[in-house]
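Working notes, beginning with the structure itself.
The values are calculated or read from the model by the stated rules, or taken from the named source; none is laboratory data. Quick caveat: nothing in here was measured; it's all calculated off a predicted structure. As a convention, Cβ positions derive from the backbone with ideal geometry for all residues, glycine included, and neighbour counts pool all protein chains shown.
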Ligand code: ADP
Ligand code: MG
């Protein structure tokens, strides 16, 4: 085939592929344009995850009537004049490709009125072609509506996830901008429901309260502006009592641009070393300000990655700012806690498993009656009920955490929580497969307040949650009222358990699956916790139930439920052989 220069239509489609990946990318570009236009109020609406509609309205400077068509031309921008400007970019946009790209793959209606002009303009495009233009009366500002995204690029459409997942991505994006543009009033509606609204007070803390709720906001530590080497760092970070399963809540902004930087997130995690349980991550909102010429934002079409001219200095300053704030609150010098032992000590003390529900053990006296009496020693030929675990005779409890038992082959130490988790997990699974998880009504319904992303997910899954024993009703905004919970779940743990389930679901690769993770979370929260004194009956009952499980040797997280010391091992320890 001879070499040919591609037609402008093909070129714009290719470019669109780079900039516009999903509805959240459309929201990002339109939101950035509204911010660049100096808007103080920005309203975002989406329908069906943004696939059917994304609408962004602002009260910014507007587009002059004679430039409206030009705004949709490729490489048309009012933000950059010369190549030198590239090295001192102060605006979020500068490539002049967003509107052209969006218009190429959707149906766009833009209505705008420039400040200082008498009337506004409305223009309609489809697949990049202008269909209609008219004068329009409207207040200054701009509204862009994007409908039927990817209608002409079916391959792209196929790659989109469920509406709920896409809406979640949009909520996460808008939340991030809301944090860093705290002086602007931002709102997001999804399918007509208000997902988030900020007040525009200018305070990051206020936005954090709006997004995460007061409980979480109270566990945050402020980083007052910290300047070194011409780099200023400020923000809010979580106290060690608050942590997450992933780095999703480490939000970084460079010159008020939300960026992704894995190595910088990692550096921040390092500043927390030994303060967090292993595998857990802090919640961080950090804003870096540095001279524009020290940051290259032009390395990716989506402008989500940046390159620092002085990367090492940036990392050092960020780590120092985080560590200084942590040390002020936690006088133990962070750096001097010795590595592994302190880490494992912290893990034991602060692991989320420490949040176990105080559920009474089901004691069934009839069953206990059948069992081997406490005093009777076990004989090796004792029948083994499931054939998987030997019959065990309970001897006592250690540290209110481990049950000591004697079995045919020697001594067994049972982790009471892990063992009960296994029991609960198999029970819950059976219930789930049948009538649904047994539930109980709360005398006082518990109100929970969620982050916007979580609220979207929860709202979409209220029905599915009934089978897991939760009856939850929307209570306006991101607040929900929990009326029924799985039997044995303490009211005080409802919010944590739901939070973990949502977190796990958000992490799920394919759309949204509660299934196993939900059961694991529930088994953990309804199992007897470590540190609880158990009566001999309760211990015997627990051991009997463990014997009847299908996989008695591990808890659903994969930790061992019991360790075995053989007769021979004991004899060796005492030099008997
Ligand atoms: P860029 O933001 O990189 O300049 P865009 O394609 O996003 O490119 O926008 C093209 C131009 O249209 C902008 O430079 C700006 O002049 C104008 N524009 C777009 N959206 C808005 C808006 N919401 N308010 C005012 N002007 C806008
Ligand atoms: Mg732009």
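Checking 418, 518, 430 one by one, the residue that is within 22 Å of the chain's Cα centre (by Cα) and assigned to a helix (DSSP H, G or I) is 518 and no other. Restricting 412, 468 to residues that are outside any strand (DSSP E or B) and either closer than 19 Å to residue 542 by Cα or modelled with pLDDT of 90 or more (or both) narrows the list to 468.
When residue 90 is tested against (1) within 13 Å of ligand 2 (Cβ to nearest atom); (2) within 30 Å of residue 309 (Cβ to Cβ); (3) assigned to a loop (DSSP other than H, G, I, E, B), exactly one condition is not met: (1). Of the strands (runs of 3 or more DSSP E) entirely within the stretch 170-282, those holding at least 2 residues that are touching a residue at least 40 places away in the same chain (Cβ under 8 Å) and under 22 Å from residue 54 (Cα atoms) occupy 185-190, 193-197, 257-259. Restricting the stretch 245-265 to residues that are surrounded by fewer than 17 Cβ atoms within 10 Å (Cβ to Cβ) and under 17 Å from the mean Cα position of the chain (by Cα) leaves a set whose member that is farthest from residue 318 (Cα to Cα) is 245.
Every residue, every condition in (1) in contact with a helix residue (DSSP H, G or I) (Cβ under 9 Å, 6 or more places away or on another chain); (2) at positive phi, yes or no:
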position: 90; (1), (2): yes, no
position: 93; (1), (2): yes, no
position: 99; (1), (2): yes, no
position: 105; (1), (2): yes, no
position: 116; (1), (2): no, yes
position: 119; (1), (2): yes, no
position: 139; (1), (2): no, no
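A count restricted to the stretch 471-510 and to residues that are farther than 21 Å from residue 243 by Cα and assigned to a helix (DSSP H, G or I) stands at 1.
Looking at this structure, is residue 125 outside the structural domain of residue 293 (by TED's automatic domain parsing), away from ligand 1 (no atom under 12 Å from the Cβ), in contact (Cβ under 8 Å) with a residue 12 or more places away in the chain and assigned to a loop (DSSP other than H, G, I, E, B)? Judged against the criteria, residue 125 is not a match.
Of everything listed in (1) modelled with pLDDT of 90 or more; (2) in contact with a helix residue (DSSP H, G or I) (Cβ under 6 Å, 6 or more places away or on another chain); (3) farther than 22 Å from residue 254 by Cα; (4) assigned to a loop (DSSP other than H, G, I, E, B), the single unmet condition for residue 74 is (1).
Any idea which residue in the stretch 34-64 is nearest to ligand 2 (Cβ to nearest atom), counting only those that are buried (at least 24 other Cβ atoms within 10 Å of the Cβ) and in a helix (DSSP H, G or I)? Restricting to residues being buried (at least 24 other Cβ atoms within 10 Å of the Cβ) and in a helix (DSSP H, G or I), the top hit is 34.
Please go through the stretch 20-32 and pick out each residue that is within 16 Å of ligand 2 (Cβ to nearest atom) and in contact with a helix residue (DSSP H, G or I) (Cβ under 7 Å, 6 or more places away or on another chain). Residues satisfying the conditions are 20, 24, 25, 26, 27, 28, 29, 31.
Would you point out the residue of the stretch 97-114, among those that are within 11 Å of ligand 1 (Cβ to nearest atom) and part of a loop (DSSP other than H, G, I, E, B), that is modelled with the lowest pLDDT? Result: 97. Just one of the listed residues (400, 416) is outside the structural domain of residue 516 (by TED's automatic domain parsing), buried (at least 18 other Cβ atoms within 10 Å of the Cβ) and in contact (Cβ under 8 Å) with a residue 24 or more places away in the chain, and it is 416. Among the residues of the stretch 12-20, some residue qualifies, meaning at least one is surrounded by 18 or more Cβ atoms within 10 Å (Cβ to Cβ), in the same structural domain as residue 156 (by TED's automatic domain parsing), at pLDDT 90 or above and within 13 Å of ligand 1 (Cβ to nearest atom). Note on the stretch 128-143: among residues that are crowded, with 17+ Cβ neighbours inside 10 Å and in a strand (DSSP E or B), the one that is nearest to ligand 2 (Cβ to nearest atom) is 142. Number of residues in the stretch 521-577 that are part of a loop (DSSP other than H, G, I, E, B), at pLDDT 90 or above and buried (at least 16 other Cβ atoms within 10 Å of the Cβ): the value is 6.
For the stretch 65-96, a tally of residues being within 9 Å of ligand 1 (Cβ to nearest atom), more than 30 Å from residue 152 (Cα to Cα) and crowded, with 19+ Cβ neighbours inside 10 Å returns 0. Is it true that residue 146 is under 22 Å from residue 28 (Cβ atoms), at pLDDT 95 or above, part of a helix (DSSP H, G or I) and within 16 Å of ligand 1 (Cβ to nearest atom)? No, not satisfied.
Applying the set (1) under 27 Å from residue 162 (Cβ atoms); (2) more than 8 Å from ligand 1 (Cβ to nearest atom) to residue 32 leaves exactly one unmet item: (2). Of the residues that make up the stretch 452-461, is at least one surrounded by fewer than 16 Cβ atoms within 10 Å (Cβ to Cβ) and modelled with pLDDT under 95? No. Taking every residue in the stretch 323-336 that is surrounded by 11 or more Cβ atoms within 10 Å (Cβ to Cβ) and pairing it with any residue that is at pLDDT 50 or above and in a helix (DSSP H, G or I), at least 6 positions away or on another chain, the pairs with Cβ-Cβ distances below 8 Å are 323/271; 326/271; 334/271; 334/323; 334/326; 334/327. There is at least one residue in the stretch 221-232 that is closer than 22 Å to residue 276 by Cα, surrounded by fewer than 15 Cβ atoms within 10 Å (Cβ to Cβ) and touching a strand residue (DSSP E or B) at 6+ places or on another chain (Cβ under 6 Å).
Would you mind stating whether residue 309 is surrounded by fewer than 19 Cβ atoms within 10 Å (Cβ to Cβ) and within 30 Å of residue 502 (Cα to Cα)? No: the conditions fail for residue 309.
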